[in-house]
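This report refers to the structure that appears directly beneath it.
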Amino acid sequence: MSISRFVRDERGVSAVELGVSLPILVMLTVGAVDVSNLVSARLDLEQAAQRTTDLALASHPKSSDGAYLLAEAAAASGQPTRNIAVEIFLECDGEREASYAATCDDTEERARFASVTISTDYEPIFNYRALGPLFGRHMIDSSIRITGDSVVRFQ
C-alpha cells in the first residue's frame, strides 16, 4: 500500500472521532448529573428549613429555646442536629437585641424571628480533583458544602 493511498483512505475515521469525543461527552453527562443532584440536595435542605419555620409560625416560641424546632429540622432534613442552627431572636426597630426576653420601648417597632439553617456536605459522583493536573490548577474540593435556610417573623 502506497503512502498516498493510505492518506486518502477514510475508513475508521468515525471510530477515531468517537474515541476523541466520547470521553468529553461522558464527562459532560456525569457533570450534568452531579449538578442536578447538588441542586436537588440543596432544595431538600431549603424545604426542610421552611417546614421548620412554618412550625415556628404555627406555634410561636415563648422563649429563645428552639429545641422543638431543632428536632423538627432534624426530622425534616434527615441531618444530625450538629448540622442545624436554630435562632429565635428579638429586634427593636430593626436592631437585634442581646436577649429574646428584652423589651422594646413603646416607640420602637418590635419583631420576633425564628431562623433555621441546615448544612451538609455533598459528595459528587465524579472526583473532579483528578482533573486539576490536566488543566494546571485546583478544580474543586472532594465535597461541596451546601446550605438551606429560612427565616420567619412571627410577631
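The condition of being in contact (Cβ under 8 Å) with a residue 24 or more places away in the chain, surrounded by 13 or more Cβ atoms within 10 Å (Cβ to Cβ) and farther than 23 Å from residue 154 by Cα does not hold for residue 50.
Looking at 81, 107, 103 in this structure, which one is closer than 30 Å to residue 35 by Cα, free of Cβ contacts under 8 Å to residues at least 24 places away in the same chain and either open to solvent by 60 Å² or more (accessible area, probe 1.4 Å) or over 20 Å from the mean Cα position of the chain (by Cα) (or both)?
Details: 107 fails: closer than 30 Å to residue 35 by Cα; 103 fails: closer than 30 Å to residue 35 by Cα.
Of the residues listed, the single one that is closer than 30 Å to residue 35 by Cα, free of Cβ contacts under 8 Å to residues at least 24 places away in the same chain and either open to solvent by 60 Å² or more (accessible area, probe 1.4 Å) or over 20 Å from the mean Cα position of the chain (by Cα) (or both) is 81.
Quick grid of which residues meet (1) more than 22 Å from residue 145 (Cα to Cα); (2) open to solvent by 60 Å² or more (accessible area, probe 1.4 Å); (3) modelled with pLDDT of 90 or more; (4) within 38 Å of the chain's Cα centre (by Cα):
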position	(1), (2), (3), (4)
4	yes, yes, no, no
9	yes, no, no, no
18	yes, yes, no, yes
46	no, no, yes, yes
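Residue count for the range 53-71 under the criterion of being over 22 Å from the mean Cα position of the chain (by Cα), open to solvent by less than 60 Å² (accessible area, probe 1.4 Å) and touching a residue at least 24 places away in the same chain (Cβ under 8 Å): the result is 4.
Please find, within the range 84-100, the residue that is nearest to residue 43 (Cα to Cα) out of those that are loosely packed, with under 12 Cβ neighbours inside 10 Å and small (Gly, Ala, Ser). In this case the residue turns out to be 94. Which one is nearest to the chain's Cα centre (by Cα), of the residues in the range 112-146 that are modelled with pLDDT under 80 and open to solvent by 80 Å² or more (accessible area, probe 1.4 Å)? Out of the qualifying residues, it is 141.
The values are calculated or read from the model by the stated rules, or taken from the named source; none is laboratory data. Just so we're clear, the structure is a prediction, and the values are computed from it rather than from any experiment. In this analysis, Cβ positions are derived from the backbone assuming ideal geometry, glycine residues included, and neighbour counts consider all displayed protein chains. Accessible surface areas use protein heavy atoms only, side chains included; no ligands, DNA or RNA. Shrake-Rupley method; radii C 1.70, N 1.55, O 1.52, S 1.80 Å.
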